[in-house]
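The values are calculated or read from the model by the stated rules, or taken from the named source; none is laboratory data. If you're wondering where the values come from, they're calculated on a predicted model, not measured in any experiment. Counting neighbours? That spans all protein chains shown, and the Cβs are built from the backbone with ideal geometry, glycine included. For accessibility, only protein heavy atoms count, side chains too; no ligands or nucleic acids. Shrake-Rupley method; radii C 1.70, N 1.55, O 1.52, S 1.80 Å.
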Amino acid sequence: MANPACCQNSATPFPWCKTRSPTHSVSTSTSIPAITNTGTARVAAIHTLAIAMAVGMVLVALSVGRFPISIGELFSLLGAKLYGGTTNAPENADLVLFSIRGPRIVAAFAVGAALAAAGAAYQNLFRNPLVSPDILGVSSGAALGAVLGIMMALPIVAIQGLAFIGGLAAVAAIYLIGNSLVSKHGGHDPVLTLVLAGVVIGSLLGSGIALTKYLADPYNQLPAITYWLLGSFASITKSDLAVALPIIIIATVPLAALRWRINLLALPDDEARALGQDTSRLRLTVIIAATLMTAASVAICGIVGWVGLVVPHAVRLLVGAEFSRLLPLAMLIGGTFMLLVDTVGRSIAQIEVPPGVLTAALGAPVFIWLMAATFRRAR
Amino acid sequence: MTLLNVERLSIGYPRRVIASDISLDVAAGQAIAILGPNGSGKTTLFRTVLGLLAPRAGRVLLDGKSITTLSAPEIARQIAYVPQNSAGLFNFSVLEVVEMARAPHLSWFSQPGAVDRAIAAVSLSQVGMGEFIDREFSELSGGERQLVMIARALASQAKYLLLDEPTASLDFGNRLLVLETLIKLKQRGMAVVFTTHDPDHARRVCSESRDQTLTISRAGQVSIGPTADALQSKALAALYGIDQSVFSAQR
């Protein structure tokens, strides 16, 4: 029997509800409560603000730097590029904008958005708001791959390729180990098993990285390794983007398409399966998508921590946990945040401050503030 | 007549059978209470009936078809599960939690629409939680959460409702509220199967002649019968391994 039909016939509210909360007694005429839209206007306002901040940040990032370009010059250069004609901008401004600063800005925004998307998906999947995209070892695997590439003095493209493959391989190993443990000995929480396998393999990879650093040439290789491990957007080129950007975009598609269903992963496994959801298939899809986008990011810019942890967590406090609302906003704010960090990093001092250092310096206080906000809400 | 039949079912894990030879017929408008000491396999029985765990022997039939031949959404559209103490970890709204029950009715890439929203809203008001629709699930009290979880089960439009200790860790008032809700659902024609540690709860909900009580002992011995028979002090003493004199002292 269909519920809506059956309750239209027997719409009388339960009498005990009235005794329970007299002010909240259910109306007697209709059984369908009104769904107010107070939240929708707020979410729309937050979206507008986030888009405005993103656009503003892109403009600031385009103009700020060792070679300052004013906003007027910026628009005239863009106009010249799009519609032809001449500009009043200084010589070389064109080169700086479209070959150096432009790709770097696109990369920073894309990486920030990718890490925030992967983090948001993983926090749902692991039912833990404090999880970052590298919980399944993608960063450790990529780092080991890159560090080995640097040790062997391979060209940059090969180092990036090794980092990407290393990240995928680490996650694949952890997934296969976790999955085989669960399928051999049924009745255990598959998510917890994955986390534990991740801890074990991650620490194994970490010791591999440590060994490589110990053996590396302290004058050439060690600085390069350290530089890579801290992350940087300084050497991003158009060809890096041409490979990484499509991977990030393609990996975003399944997360966006499954945006409502990913909510079910936040439930305990049995509960989601009792709702008819094939959780292992959905989980694998999310893991593949998040791993691809994180590995592509890490391969071009090294390890930048905190973004994938703090941004989705903060956005969840703003708009709630519902993934179809969470995902677009997390990507927008993640991209803006990463762009802010990179812009500050390249203009604040004589040398470039690695984004990994800045995200930590910004992320740690923000995170403590978020915890305080969460505790305030809980009271 | 639609039926959920459990036929000579053995439940457990590859190396350990927890209880065997469980037979049970569940019909619309019927309530069945399941009692047994901790670890006797009540939750395992639910997981097996839901198709989450393979039966060790025997079978579960839904409208005459073995559930091992049905897809997970097909089962979920018929049998709804209310787990024990669902914790609100993330800040989903009550409506969003209830809407999740529409998953077995939707394709992988679709979102719940206006109809699904209306079904969720109706389900909430059916358990008297209509006013809570925009609240955050994690901010609710234990009793309110339990009612929302029951509403979620209703929103799946299943005929069979399996509730795992629906009254556990609730205060006295909320316990009565949940039990009354179960009775109403039974009267509306749903089949209500629930586990409990309190024989009084079984007596309260399963009071009609068609209702039954199933007991599983620690050793895996299963018996089923009219509630009054199953809950005689002699039977309870045997079930929980205590002396019958405890009951006479109590009365």
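A few points about this structure:
- Chymotrypsin sites (Phe, Trp or Tyr not before Pro) within the stretch A:181-249: DSSP coil, no more than 12 neighbouring Cβ in 10 Å: A:Tyr219
- Taking every C-alpha pair closer than 8 Å and separated by at least 6 residues, the mean separation divided by the residue count of chain A gives a relative contact order of 25 percent.
- Whole-number percent relative contact order across the stretch A:106-177, with pairs defined as alpha carbons under 8 Å at least 6 apart: 29 percent
- Screening chain A for whole DSSP H helices with an alpha carbon extent of at least 24 angstrom along the helix axis and a mean Kyte-Doolittle hydropathy of at least 1.6 yields A:38-63, A:156-184, A:190-215, A:238-257.
- Each part reduced to its alpha carbon centroid, the stretch B:40-87 and the stretch A:227-246 end up 50 Å apart.
- Loop sites here are chymotrypsin sites (Phe, Trp or Tyr not before Pro) outside DSSP states H, G, I, E and B with no more than 16 other Cβ atoms within 10 Å. The longest part of chain B free of them is B:110-251.
- Distance (nanometres) between label positions extended 7 Å along Cα→Cβ at B:Ser209 and A:Met53: 6.8 nm
- Comparing A:Ala93, A:Ala234, A:Ala170 in a Gaussian network model of chain A (Cα springs below 10 Å), the most mobile by mean-square fluctuation is A:Ala93.
- Across the stretch A:304-379, Cα-Cα pairs more than 22 Å apart make up 29 percent of the total.
- Under the Debye formula (equal points on every Cα, no solvent term), log10 I(q)/I(0) of the protein assembly as shown at q = 0.11 Å⁻¹: -1.06
- Distance from the alpha carbon centroid of the stretch A:344-379 to that of the stretch B:1-29 works out to 55 angstrom.
- With Cα atoms, 0 to 90° folded angle of helix B:142-155 axis to chain B main axis: 70 degrees
- Cα-based helix-to-principal-axis angle, B:114-126 vs chain B, degrees rounded to 10: 40 degrees
- 13 Å beta-carbon shell around A:Ala50, net charge (K/R +1, D/E -1): +2
- Label positions at A:Ala257 and A:Leu204, each projected 7 Å from the Cα along the C-beta direction, are separated by 3.3 nm.
- Within the stretch A:206-276, trypsin sites (Lys or Arg not before Pro) in DSSP loop having at most 13 other beta-carbon neighbours inside 10 Å: none
- Pairs of Lys residues in the protein assembly as shown, spaced 8 or more positions apart or belonging to different chains, with C-alpha separations under 20 angstrom: 5 in total.
- Residue with peak Gaussian network fluctuation, chain A [Cα springs, cutoff 10 Å], from A:Ser239, A:Ser63, A:Ser132: A:Ser239
- Å² per residue, accessible surface of the stretch A:132-302 at 1.4 Å: 42 Å²
- Measuring r between the beta carbons of B:Asp198 and A:Asp189 and using R0 = 30 Å, the FRET efficiency lands at 0.60.
- Considering only A:Glu91, A:Glu73, A:Glu271, the Gaussian network model of chain A with Cα springs below 10 Å gives its largest mean-square fluctuation to A:Glu91.
- Think of the protein assembly as shown as a dipole: +1 on every Lys or Arg Cβ, -1 on every Asp or Glu Cβ, centred on the Cα centre; then among A:Gly208, B:Ala31, A:Pro246, B:Ala31 lies furthest on the positive end.
- By accessible area, using a 1.4 Å probe on protein heavy atoms only, the protein assembly as shown has 63% of its surface on carbon and sulfur.
- Using just its DSSP H runs of length 4 or more, each adding -39500 (n - 2.57), chain A gives a mean residue ellipticity at 222 nm of -23500 deg cm²/dmol after division by all residues.
- q = 0.11, 0.13 Å⁻¹, the stretch A:132-302: log10 I(q)/I(0) [Debye, one scatterer per Cα]: -0.51, -0.68
- Estimated distance in nm for a label pair at A:Asp217 and B:Thr69, the labels positioned 7 Å out from Cα along Cα-to-Cβ: 7.0 nm
- Cα convex hull of the stretch B:102-251 - mean projected area over all directions, nm²: 11.2 nm²
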